[in-house]
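Only one structure is covered here, and it is reproduced in the block below.
Coordinate-derived values only; no laboratory data. Computed from a predicted model, the values in this text were never measured in an experiment. So basically every Cβ, Gly included, is an ideal-geometry build from the backbone, and we count neighbours across all protein chains shown.
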Amino acid sequence: MPETTMLRFVQILPQVSPQGDFLLQDLPGSGRRIDVLCRDLAACFEWGPKSWSKSNLEMVAVIGTEKILTFRNPQNQAPHSEVGWALVVRESLRGRPPSYVHVSDGTLGEVVRHLIQDEDAKLWVLDESGASLSDCQSCFHTTQNSFMLGDHRGFDSQSLAVISQFDIQRISLGKKSYLSSHALAAIISEFERKVR
Ligand SMILES: C[S@@+](CC[C@H](N)C(=O)[O-])C[C@H]1O[C@@H](n2cnc3c(N)ncnc32)[C@H](O)[C@@H]1O
């Protein structure tokens, strides 16, 4: 497997308001679980990768039904706390993103269509009840892998409809349910182990 494989995580947050109107002191309540994304970002760009290049990691957040935030290689601009990431997300939703965040309008269906358009790109759903990652060798032989993550409740009915429309395969890290940030970190670590 090439070390240049792109690992992309797609966090689905159907409850979160796209206005960026949450309080930093109450991310789960006022942000309707925006804390899930903040922890994902810290896992993706701070503590998750040990040897995987951060330039080969990407985080996409589908906010509500209409806003897409894409985070790419923040380099030395990455904040160092959950609240630091929350500020970046809030400023991005308010139309003031830093250079490493791209903000666009779009739906989950459009994101999925875009992610599977390249021949060497694969998209998976991370789901406790899916097939074991170790049985899914094809993901270690492709140059772009994207993994969809549910929020604290898993996947809502609209996301499930998209998953079934595009027939996206489910991959599991085991029956135990992890925080999505830890599921994301476990995937990075599995890929690091494979190239070692
Ligand atoms: C906190 S879990 C979702 C809640 C969980 N379905 C429940 O109801 O207890 C958040 C997300 O992390 C991912 N995840 C957590 N544990 C996982 C596992 N063992 N295997 C694969 N994905 C997992 C899934 O995408 C899941 O939707």
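Sort out which residues of segment 142-176 are surrounded by fewer than 13 Cβ atoms within 10 Å (Cβ to Cβ), in contact (Cβ under 8 Å) with a residue 12 or more places away in the chain and not small (Gly, Ala, Ser), and write them in order of number.
If the condition is that a residue be surrounded by fewer than 13 Cβ atoms within 10 Å (Cβ to Cβ), in contact (Cβ under 8 Å) with a residue 12 or more places away in the chain and not small (Gly, Ala, Ser), then Gln165, Lys175, Lys176 are the ones that fit.
How many of the residues making up segment 36-45 are more than 22 Å from Phe22 (Cα to Cα) and touching a His at 6+ places or on another chain (Cβ under 7 Å)? Break it down into steps so the answer makes sense when it comes.
Of the residues in segment 36-45, the ones more than 22 Å from Phe22 (Cα to Cα) are 44-45.
Still in the list and also touching a His at 6+ places or on another chain (Cβ under 7 Å): none.
The number of residues fulfilling the criteria is 0.
Quick grid of which residues meet (1) outside any loop (DSSP other than H, G, I, E, B); (2) in contact with a Gly (Cβ under 7 Å, 6 or more places away or on another chain); (3) surrounded by 13 or more Cβ atoms within 10 Å (Cβ to Cβ):
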position	(1), (2), (3)
Val16	no, yes, yes
Asp21	no, no, no
Arg39	yes, no, yes
Glu46	yes, no, yes
Lys50	no, no, no
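Looking for something loosely packed, with under 13 Cβ neighbours inside 10 Å and within 26 Å of Glu192 (Cα to Cα) - is there at least one such residue anywhere in segment 103-118?
We begin by selecting, within segment 103-118, every residue loosely packed, with under 13 Cβ neighbours inside 10 Å; these are 104-105, 117-118.
Now narrow it down to the ones that are within 26 Å of Glu192 (Cα to Cα): 117-118.
Looking through segment 103-118, at least one residue is loosely packed, with under 13 Cβ neighbours inside 10 Å and within 26 Å of Glu192 (Cα to Cα).
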